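Just so it is clear, none of the values below were taken in a lab; they were calculated from the coordinates. What you see is a predicted model; the values in this text were computed from it and never measured. All Cβ positions, even for glycine, are placed from backbone atoms using ideal geometry, and neighbour counts span all protein chains on display.
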Amino acid sequence: MTGALAPTLKLRRGARIPLLGLGTWPLDDAQTAAAVITAVDAGYRLFDTAENYRNERGVGEGIRRSGIERGEVFLTTKFNKEWHSRDGAKRAFEKSARRLGVDYIDLLLLHWPNPEQDRYVDAVAGLADLFADGRLRAIGTSNFKAHHLQRLIDAGLVPDLNQIQLDPRHARSEVRAVHRQHGIVTESWSPLGQGSGLLESGPIAGLAAKYGRAPAQIVLRWHVQQGLVAIPKSATPERIHQNISIFDFELDDDDMAQLRGLDAGEDGVADSDRFGH
Ligand SMILES: NC(=O)c1ccc[n+]([C@@H]2O[C@H](COP(=O)([O-])OP(=O)(O)OC[C@H]3O[C@@H](n4cnc5c(N)ncnc54)[C@H](OP(=O)(O)O)[C@@H]3O)[C@@H](O)[C@H]2O)c1
C-alpha cells in the first residue's frame, strides 16, 4: 500500500516541493534504484541526487521502474564547479537530464560555491536562463553562506532554495536568517547528523521514549515542524518508511526549545569558503 504523501512548500518561482525527500549519497546506481522504488511506495515524491554522486541514472531507473508519472515526482540534482559559467550551467543541465532520462529537472543546484573560481553568479544566471526556457521548475544553491547569497541577491538572482548541512547540533541560524528575509527555502542535508551520534544522544533518546517514536523520527519532525525540507538517506526499507512517517504527531514547544539548546554553532560544518567540488 502506498504511504501518505508529505506536505509541500511553495517555492518563490511557484513550484511546490515536498517537505521530506530521499537522499541518495553514497549509493550506487543499483542501490539507488532499489531505494527509490521502495521510497515511491512509501509516499516519497522528492529525490536528491548529484552529478558527483554518480547515481543519477539509478534515480531515473528507479522512477521509471516504480511506474510513477514523471509529473508526480520532484527531482533535484547538482553540478560540480567545472560548470560554473552561464553556458556551463546549460551543459551541466543537458548531461544530468540525459543521465536521469528526463526532459526537465525540477530543481538544479550549484553543489558548492567554490568562491576561489569566482564564477557562481554567472552559473546561477545560467540556471535562470534554463528556468525561463522551461527546463527547470526551480533554481538553487547548495552550501552557500550568507555572503555568497548576498552576491546573488545583489545581482537579482535570488535562488528558490539553498541546501545546507543542518541538524539540531548545527541549526545554522545566520544563513537561515538570510533565507527568511528573501523567501529562500532551507533544505537540510545530513538531517540526521550522518552517523555522528546525534540519534543516540540523550535528549533525542529521551524524546523518542516520550513520544513513542524512533530517534530519527524525532529529529526529522524537528526539521519539518520549522518548515525545513529534509532529505534523509536510507537504503534500509524499514527506515525509508519510518523516516516519512512523521506527519501524524507534533513536538510540543518545550521539546522544540530543548532541541534548540543542542545547537553548537558552526563547529563541524563543512566550510564552503575552503572546500567544494
Ligand atoms: N549538498 C551537499 O553538499 C550534500 C552533502 C551531503 C549529503 N547531501 C545529501 O543529503 C542526503 C542526506 O545526508 P547524509 O546521507 O549525509 O546523512 P543523513 O541522512 O543524516 O544520515 C544517513 C545515515 O543515517 C542512517 N539512517 C537513515 N534513516 C535512519 C533511521 N530511521 N534510523 C537510524 N539510522 C538511519 C542511514 O543508514 P542506512 O542507509 O543504513 O539506513 C545513513 O547511515 C545525502 O544522501 C545527499 O543526498 C548533500
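If you check ALA30, ALA35, which single one turns out to be in contact (Cβ under 8 Å) with a residue 40 or more places away in the chain and either among the small types (Gly, Ala, Ser) or over 22 Å from THR141 (Cβ atoms) (or both)?
Exactly one residue qualifies, and that residue is ALA35.
Of all strands (runs of 3 or more DSSP E) completely enclosed by segment 30-135, which ones contain at least 1 residues that are among the acidic types (Asp, Glu)?
In segment 30-135, the matching strands (runs of 3 or more DSSP E) lie at 46-48, 105-110.
Test each condition in (1) out of contact with any Phe, Trp or Tyr (no Cβ under 9 Å at 6 or more places or on another chain); (2) closer than 23 Å to GLY14 by Cα for LYS78 and report the one that comes out false.
Against the list (1) out of contact with any Phe, Trp or Tyr (no Cβ under 9 Å at 6 or more places or on another chain); (2) closer than 23 Å to GLY14 by Cα, LYS78 comes up short only on (1).
Taking segment 115-164, which residues are among the aromatic types (Phe, Trp, Tyr) and under 14 Å from ASP273 (Cα atoms)?
TYR120, PHE144
Yes/no per residue for (1) surrounded by fewer than 22 Cβ atoms within 10 Å (Cβ to Cβ); (2) without any contact (Cβ under 8 Å) to a residue 24 or more places away in the chain; (3) within 20 Å of THR8 (Cα to Cα):
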site: ALA128; (1), (2), (3): yes, no, no
site: HIS148; (1), (2), (3): no, no, no
site: ASP154; (1), (2), (3): yes, yes, no
site: GLN165; (1), (2), (3): yes, no, no
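Counting only residues that are without any contact (Cβ under 8 Å) to a residue 24 or more places away in the chain and of a type in the set (Asp, Glu), which one in segment 52-92 is surrounded by the most Cβ atoms within 10 Å (Cβ to Cβ)?
If we take residues in segment 52-92 being without any contact (Cβ under 8 Å) to a residue 24 or more places away in the chain and of a type in the set (Asp, Glu), then GLU82 is surrounded by the most Cβ atoms within 10 Å (Cβ to Cβ).
Exactly one of (1) farther than 15 Å from ALA270 by Cβ; (2) under 19 Å from the mean Cα position of the chain (by Cα) is unmet by ASP122. Its number?
Looking at each condition in turn, ASP122 falls short on (2).
Quick check on my filter: what residues within segment 242-254 are more than 9 Å from the ligand (Cβ to nearest atom) and surrounded by 12 or more Cβ atoms within 10 Å (Cβ to Cβ)?
Filtering segment 242-254 for residues more than 9 Å from the ligand (Cβ to nearest atom) gives 244-254.
The answer is ILE244, SER245, ILE246, PHE247, PHE249, GLU250, LEU251.
How many residues are surrounded by 20 or more Cβ atoms within 10 Å (Cβ to Cβ) and either within 15 Å of the chain's Cα centre (by Cα) or hydroxyl-bearing (Ser, Thr, Tyr) (or both) if we restrict to segment 185-227?
Residues meeting the conditions: 12.
Specify which of the listed residues (VAL121, VAL158, VAL102) is among the hydrophobic types (A, V, I, L, M, F, W, C), surrounded by fewer than 23 Cβ atoms within 10 Å (Cβ to Cβ), over 20 Å from PRO18 (Cβ atoms) and touching a residue at least 40 places away in the same chain (Cβ under 8 Å).
VAL158
Any residue in segment 191-200 that is more than 9 Å from the ligand (Cβ to nearest atom) and in contact (Cβ under 8 Å) with a residue 12 or more places away in the chain?
The answer is yes; a qualifying residue exists.
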